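Just so you know, all these numbers are worked out from the coordinates, no wet-lab data involved. In this text the structure is predicted, and so the values were computed from the model without any measurement.
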Amino acid sequence: MQNITLHISGMSCSHCLNAVNRAVAGVPGVGVRSVTIGRADLTVPDDGTAALVKAAIEEAGYKVEGTA
């Protein structure tokens, strides 16, 4: 497992937070540590799941700008 922080653009309200939270929580194996405006702190398996998380966020209508 690894901890990652994703920087996300397009989030501006509590609805956005809920949408991103639901999107990442729907990816198997992902632990949501926190979602705030502009970022998500997650725990993901070391098996490429991070790419699935990015795809889920972008499918929800937001853009992953990078990781930290």
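A compact table of results
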{"quantity": "Derived scalar couplings ³J(HN,Hα) [segment 52-68; Karplus, 6.51 cos²θ - 1.76 cosθ + 1.60; whole Hz; x for Gly, Pro]", "calculated": "5, 5, 4, 4, 5, 5, 5, 5, 6, x, 10, 10, 7, 8, x, 10, 10"}
{"quantity": "Contact order relative to length of the chain, as percent, for alpha carbon pairs under 8 angstrom and 6 or more apart", "calculated": "47 percent"}
{"quantity": "Helix-only [θ]222 nm of the chain, DSSP H runs n ≥ 4, -39500 (n - 2.57) each, per residue, nearest 500", "calculated": "-10500 deg cm²/dmol"}
{"quantity": "In degrees, nearest ten, helix 14-25 long axis to first principal axis of the chain (Cα)", "calculated": "20 degrees"}
{"quantity": "Gain upon complete extension [residue 36, residue 59; 0.36 nm per residue less C-alpha separation]", "calculated": "6.5 nm"}
{"quantity": "Chain lengthening between residue 18 and residue 68 when straightened (0.36 nm per residue, less Cα-Cα)", "calculated": "15.8 nm"}
